[in-house]
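Below is one structure, written out as structure tokens, with a few remarks after it.
The values are calculated or read from the model by the stated rules, or taken from the named source; none is laboratory data. Keep in mind that what you see is a predicted model, and the values were worked out from it rather than measured. Methodologically, a virtual Cβ is constructed for each residue, glycine included, from the backbone with ideal geometry; neighbour enumeration extends over all protein chains shown. To get the accessible areas, we keep the full protein, side chains included, count just its heavy atoms, and leave off ligands, DNA and RNA. Shrake-Rupley method; radii C 1.70, N 1.55, O 1.52, S 1.80 Å.
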Amino acid sequence: MFRRILVANRGEIALRVIRAAHELGIEAVAVFSQADRGGTWLQAADEAICIGPAESAQSYLDIARIMAAAEVADVEAIHPGYGFLAENSDFAGACEDAGITFIGPAPKSIALMGSKIESRRAVSRYGVSMIPGTMDPVTSDGEALQAAGEIGFPVMIKASAGGGGKGLRF
């Protein structure tokens, strides 16, 4: 069990994580932007650290600022909440590199699930049931019509980047 965690989020989600940590006997450090000074989650936390200006890109989305706060606060783990950096494999990797536990999926898992194409390929290897679709990107109108004909209508078209090329996936 952890002794002290940092909650890398704001508002209600941060408050819920802080309350859960306290129920487990874990100290919780909150972060906040200058615009969020006085937020309810900050009063619930054991410590609060300002991580920058109001703009999220310069505070809640700034991995270096979050990691600096974690170092200053001497935490063992970081809980990302949801949104912001919760699905960012670089952030999970930065935690790993710093010897801080990322409370969430491994960086490799986050990266894999971030690609619709690669995640579909990965789960198919384990026999997970999936709706009918293509395993490779569809890159032309002709391929799209052929795939739709094989799958049957109606079809859903999802944009996808990465995982062996850019294109659409049915």
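Computed quantities for the displayed model
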{"quantity": "Candidates 75, 31, 17, filtered to the one that is among the β-branched types (Val, Ile, Thr) and touching a Gly at 6+ places or on another chain (Cβ under 7 Å)", "calculated": "17"}
{"quantity": "Residue among 81, 164, 149 that alone is at pLDDT 90 or above, outside any helix (DSSP H, G or I) and of a type outside the set (Lys, Arg)", "calculated": "81"}
{"quantity": "Residue within the stretch 85-93 that is part of a loop (DSSP other than H, G, I, E, B) and of a type in the set (Phe, Trp, Tyr) present", "calculated": "no"}
{"quantity": "Filtered residues of the stretch 102-125 (kept if outside any helix (DSSP H, G or I) and modelled with pLDDT of 90 or more)", "calculated": "102, 103, 104, 105, 106"}
{"quantity": "The listed residue being in contact with a strand residue (DSSP E or B) (Cβ under 9 Å, 6 or more places away or on another chain) and over 14 Å from residue 7 (Cβ atoms), out of 54, 111", "calculated": "54"}
{"quantity": "Test set (1) open to solvent by 60 Å² or more (accessible area, probe 1.4 Å); (2) charged (D, E, K, R); (3) within 23 Å of residue 98 (Cα to Cα) - residue 62 fails condition number", "calculated": "(1)"}
{"quantity": "Boolean, residue 104 is open to solvent by 40 Å² or more (accessible area, probe 1.4 Å), under 12 Å from the mean Cα position of the chain (by Cα) and without any contact (Cβ under 8 Å) to a residue 40 or more places away in the chain", "calculated": "yes"}
{"quantity": "Unique match (being in contact (Cβ under 8 Å) with a residue 60 or more places away in the chain and open to solvent by less than 60 Å² (accessible area, probe 1.4 Å)) among 83, 52", "calculated": "83"}
{"quantity": "Which numbered condition residue 134 misses (of (1) touching a residue at least 40 places away in the same chain (Cβ under 8 Å); (2) part of a loop (DSSP other than H, G, I, E, B))", "calculated": "(1)"}
{"quantity": "Residue in the stretch 114-130 that is in contact (Cβ under 8 Å) with a residue 60 or more places away in the chain and hydroxyl-bearing (Ser, Thr, Tyr) present", "calculated": "no"}
{"quantity": "Residue within the stretch 86-95 that is open to solvent by less than 60 Å² (accessible area, probe 1.4 Å), touching a helix residue (DSSP H, G or I) at 6+ places or on another chain (Cβ under 6 Å), in contact (Cβ under 8 Å) with a residue 12 or more places away in the chain and within 17 Å of residue 29 (Cα to Cα) present", "calculated": "no"}
